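**Student:** Here you go, one structure.
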Amino acid sequence: MGVVRVVLVFLLVVGALFAQERPFIWADDEDYCPAIYRGANGRPAGIFNDILTEAFKRLGIPLKKGVYPWKRAQKLVKEGKADGMVTIYTKERQKFMVASKPIWYIKETIFFRRDNPKACKMLKINSFDDMRDFVVVETMGSGWSKEQFKKHGIKNVVWVPTVDSAFNLLAKGRADLYMIFDLNAYNKLLKRQQEGGALQKGYQEIIAIAPPFTALPFSLLIRRDSPYVNIIEKFNQVIEQMKKDGTYQKIKKRYLGVAPALCAK
């Protein structure tokens, strides 16, 4: 038993030293403005970026961050090439990750064309069950959406690689609806509605509704085998401190008031 204890203590010490020697590696989405996105300088920007940068500074932990296409970012975390990401704690992610308390609730919006013959029915959507009769477009890697579609029997789903391709499909009339974070979506819509092109008319027909069932909790998720897996409670405490001293609110206000200008490309 003495040998076992010595080995366990050694492993804990080595793990702690290892955690101190290298930064926490965070991988996330490059196109989810203003929450997280690739800034003009190519570096991560957005609300999540500023919150985590400040939180890890207060924790005294170096932070290495990168943004990628969402599917690739998730792959980096799943393969152990990154420690964590900020997203929804789905059943699939619970298998290999732990989660902080939600750092932000994002409300998603449903977009569709007003000239769609099914428009009147889509205006009455109040639950996922109400979406079964429509062709839904969604971006690859959206694990939470995939779980909800399966849970509620939504089978007519067209998966596309990016937000832009999802809206293009909607503008072309090849899908009935698309559900996405509203600030990110409105910025893209305004740009496409004004720039002309073959799809301008289709984009100008797109309208939105905000059903009450789409408020999503986003948390910091960390791999269970990461040397930083035990910082969750301290991270939660730091976020509470940031809320009490006003830092958290200042970060959100900084982005939410000027999201379209910040996200324009």
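**Student:** Could you tell me how many of the residues in region 89-110 are within 22 Å of Tyr186 (Cα to Cα) and in contact with a helix residue (DSSP H, G or I) (Cβ under 6 Å, 6 or more places away or on another chain)?
**Tutor:** 1
**Student:** A further question follows. Tell me yes or no: at least one residue of region 30-48 is among the acidic types (Asp, Glu), touching a residue at least 12 places away in the same chain (Cβ under 8 Å) and under 16 Å from Met140 (Cα atoms).
**Tutor:** yes
**Student:** Another question, if that's okay. Would you tally the residues in region 1-32 being at pLDDT 85 or above and either touching a Lys or Arg at 6+ places or on another chain (Cβ under 8 Å) or farther than 12 Å from Val86 by Cβ (or both)?
**Tutor:** Total meeting the criteria: 9.
**Student:** Can you report the number of residues in region 167-211 which are under 18 Å from Ala119 (Cβ atoms), under 23 Å from the mean Cα position of the chain (by Cα) and part of a helix (DSSP H, G or I)?
**Tutor:** 5
**Student:** Considering only region 49-69, how many residues are without any contact (Cβ under 8 Å) to a residue 12 or more places away in the chain and of a type in the set (Gly, Ala, Ser)?
**Tutor:** Selection size over region 49-69: 1.
**Student:** Could you figure out which of (1) in contact (Cβ under 8 Å) with a residue 40 or more places away in the chain; (2) within 30 Å of Lys121 (Cα to Cα) isn't true of Gln241?
**Tutor:** (2)
**Student:** Further, regarding this structure: Is at least one residue of region 219-229 of a type outside the set (S, T, N, Q), loosely packed, with under 14 Cβ neighbours inside 10 Å and in a helix (DSSP H, G or I)?
**Tutor:** The answer is no; no qualifying residue exists.
**Student:** Looking at Leu52, Leu59, which one is touching a helix residue (DSSP H, G or I) at 6+ places or on another chain (Cβ under 7 Å) and on the phi < 0 side of the Ramachandran plot?
**Tutor:** None of the others qualify; the one that does is Leu59.
Listed here are the residues, each with its yes/no results for (1) surrounded by 19 or more Cβ atoms within 10 Å (Cβ to Cβ); (2) under 23 Å from Phe48 (Cα atoms); (3) of a type outside the set (Ser, Thr, Tyr); (4) assigned by TED's automatic domain parsing to the domain that holds Asp176.
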{"position": "Lys71", "(1), (2), (3), (4)": "no, yes, yes, no"}
{"position": "Ala82", "(1), (2), (3), (4)": "yes, yes, yes, no"}
{"position": "Lys118", "(1), (2), (3), (4)": "no, no, yes, yes"}
{"position": "Leu123", "(1), (2), (3), (4)": "no, no, yes, yes"}
{"position": "Ser127", "(1), (2), (3), (4)": "no, no, no, yes"}
{"position": "Glu138", "(1), (2), (3), (4)": "yes, yes, yes, yes"}
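The values are calculated or read from the model by the stated rules, or taken from the named source; none is laboratory data. Quick caveat: nothing in here was measured; it's all calculated off a predicted structure. Please note: Cβ atoms are built from the backbone with ideal geometry, for glycine as well, and neighbour counts cover all protein chains shown.
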